[in-house]
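Q: The structure's right below; bear with me while I get my questions together.
The values are calculated or read from the model by the stated rules, or taken from the named source; none is laboratory data. Because the structure is predicted, anything quoted here is derived from the model rather than measured. No Cβ is skipped: glycine too gets one built from the backbone with ideal geometry, and neighbour counts run over all protein chains shown. Quick note on the areas: whole protein, heavy atoms, side chains included, nothing else; ligands and nucleic acids left out. Shrake-Rupley method; radii C 1.70, N 1.55, O 1.52, S 1.80 Å.
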Amino acid sequence: MRLTPLLVILAFLSFHHSAFSQTLIDNYSLPNKLGVFIDGCGGDRACDLDYIRSEITAVDFYRDNQKADVFLLINANRSGGGGRQYQLIFIGQQNIHAGRTDTLYVDNKQTDTDFEVRKKLTRFIKLGLAPYVAKTKAGEGIEINMKTNSAILEDSTEVTIDKWNYWVFNLGSDANIEIEELSSDINIGGNININRITDEWKISVSGRIDERIRRTIQKVPRVDANGDPVLNEDGNQIIDEIVNNFDVSEFGFNHQLVKSLSPQWSYGYDIAGRQNTRLNYKFQTSFRPAIEYNFFPESVQNTRFLRVNYGVEFRNNNYVEETISGVFKETRVLHSLRASLGLNKRWGNLEVGYRLRNYLDDFSSWSTGLNIRAEVRVTGNLSFYVRAEGNYVKDQIYLASGDFTEQDILSGRVTLPSAYIIDTRFGFNYRFGSNLNNFVNRRFFGRANFVGSD
């Protein structure tokens, strides 16, 4: 008699099992498309959002990061061979994707064009989004080709044999011309950079030269020895034009060598030289051996880093004008502590740097400074950015003695004494309207990119 109720229950469950399962499936509705927000491309030409949106149509691209199902953060970094490495972090934040995080790395060679980098980056974005798109109705119409290209595998093997032995060479030049009614500025510059970066060593040599030629015209009313105006035939005071020419030259070079001791520790040195007439340096050379500790391993440097660097610097200064200390030449020794913090997160990015230094033979000559650059996404539509640097200065040993004319000061030919130097810039961006960002239309693109004043 006891078995009768149990048999009845089992029969009931077996009869209704298929109907019960069908009810669960019917109640679960797949979303039409995956909502994606992309951040981190910035001004990178290879990370072309228009191209990405054109190639990936199985998802909806959102303007508001908080409404998207997946937040894609793209971090870009230069590799040792001069190529680019992209870190793709896929962060699930809505519905069934909440709490899921995936990371992919995209390595590119120095010789890859922006087109090739863009194509490869987009392909990896597709790979990273595939598991998320598979859980949408749009995923039903997608086909994935799991065949590999043997040429790609062969090419990846050849990369390990570098005929340049990881040396990278860069040459550059630039010029700027500004002409106004009473002044003109001509700035000409050039640079060279040579480096070799591996896991164990970092070697770099760089040089930069800048020449600034400034011409100003002063209109000065003419007066006689008694200070009375000198008039022309029409009875108007004569105006003289006084032409002033200033030549400010800057030249510098730098050599750095760094040896990795462990994922956190490294040591090395910097050798530098420069000519800067604005700062009264006829020529300056310096040598700074240092040691550095990184609190985070190099494997996560795209996302965050915290470095502390300490070094002792030897400087030999040759001045254009006699300094306030009454010397034209001197050798000084100073030590400095530097710390830098960098974070790249969903809410934005942050970089903070701090420096403290002083001369070992005179502890009253010291300076300290703090700089910060941050961009914070308040909402998906509103972002705020700030860049600020402040230095408290008590080591301006390079200041020239003597009196300077108004033209010397206005032209920037000399530097005036100052207890502090502050430089700031901040602002905000706000966008509103449709939240979808799927369409690409580049008609008349660049028409308004005119340099100058309207």
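Q: Test E241 against the criterion of being outside any strand (DSSP E or B) and open to solvent by 70 Å² or more (accessible area, probe 1.4 Å), and give yes or no. Spell out how you get there, then give the answer.
A: Working: outside any strand (DSSP E or B): no; open to solvent by 70 Å² or more (accessible area, probe 1.4 Å): yes.
It is false that E241 is outside any strand (DSSP E or B) and open to solvent by 70 Å² or more (accessible area, probe 1.4 Å).
Q: Shifting gears a bit: Identify the residue in region 326-359 that is out of contact with any strand residue (DSSP E or B) (no Cβ under 6 Å at 6 or more places or on another chain) and more than 30 Å from D64 (Cβ to Cβ) and, among all such residues, is modelled with the lowest pLDDT.
A: Initially, region 326-359 is screened for residues out of contact with any strand residue (DSSP E or B) (no Cβ under 6 Å at 6 or more places or on another chain), giving 326-327, 345.
Cutting the leftovers down to more than 30 Å from D64 (Cβ to Cβ) gives us 326-327.
Numbers: G326: 87, V327: 90.
For region 326-359, the residue satisfying everything is G326.
Q: In region 177-205, how many are open to solvent by 50 Å² or more (accessible area, probe 1.4 Å), over 24 Å from the mean Cα position of the chain (by Cα) and of a type in the set (D, E)?
A: 4
Q: Can you tell me which condition F169 does not meet? The list is (1) in a strand (DSSP E or B); (2) at pLDDT below 80, and all the others hold.
A: (2)
Q: Any idea which residue in region 210-230 is farthest from V258 (Cα to Cα), counting only those that are touching a strand residue (DSSP E or B) at 6+ places or on another chain (Cβ under 6 Å) and open to solvent by 90 Å² or more (accessible area, probe 1.4 Å)?
A: Across region 210-230, the extreme among qualifying residues is R222.
Q: A further question on this structure: Kindly provide the set of residues from region 59-92 that are at pLDDT 85 or above, part of a loop (DSSP other than H, G, I, E, B) and not charged (D, E, K, R), ordered by number.
A: Once the filter is applied, which keeps residues that are at pLDDT 85 or above, part of a loop (DSSP other than H, G, I, E, B) and not charged (D, E, K, R), region 59-92 yields only A68.
Q: For region 40-58, give me each residue that is open to solvent by 40 Å² or more (accessible area, probe 1.4 Å) and modelled with pLDDT of 75 or more.
A: Across region 40-58, the qualifying residues are L49, Y51, S54, E55, T57.
Q: Just name the residue that is least open to solvent (accessible area, probe 1.4 Å) out of those in region 110-141 that are under 24 Å from R100 (Cα atoms) and not in a helix (DSSP H, G or I).
A: Out of the qualifying residues, it is T136.
Q: Restricting to region 353-374, what's the tally of residues that are within 30 Å of I74 (Cβ to Cβ) and open to solvent by less than 40 Å² (accessible area, probe 1.4 Å)?
A: Within region 353-374, residues that are within 30 Å of I74 (Cβ to Cβ) and open to solvent by less than 40 Å² (accessible area, probe 1.4 Å) number 2.
Q: Continuing with the same structure: Name the single residue, out of those in region 366-401 being of a type in the set (D, E) and assigned to a strand (DSSP E or B), that is farthest from A419 (Cα to Cα).
A: Looking at the filtered set, the residue picked out is E375.
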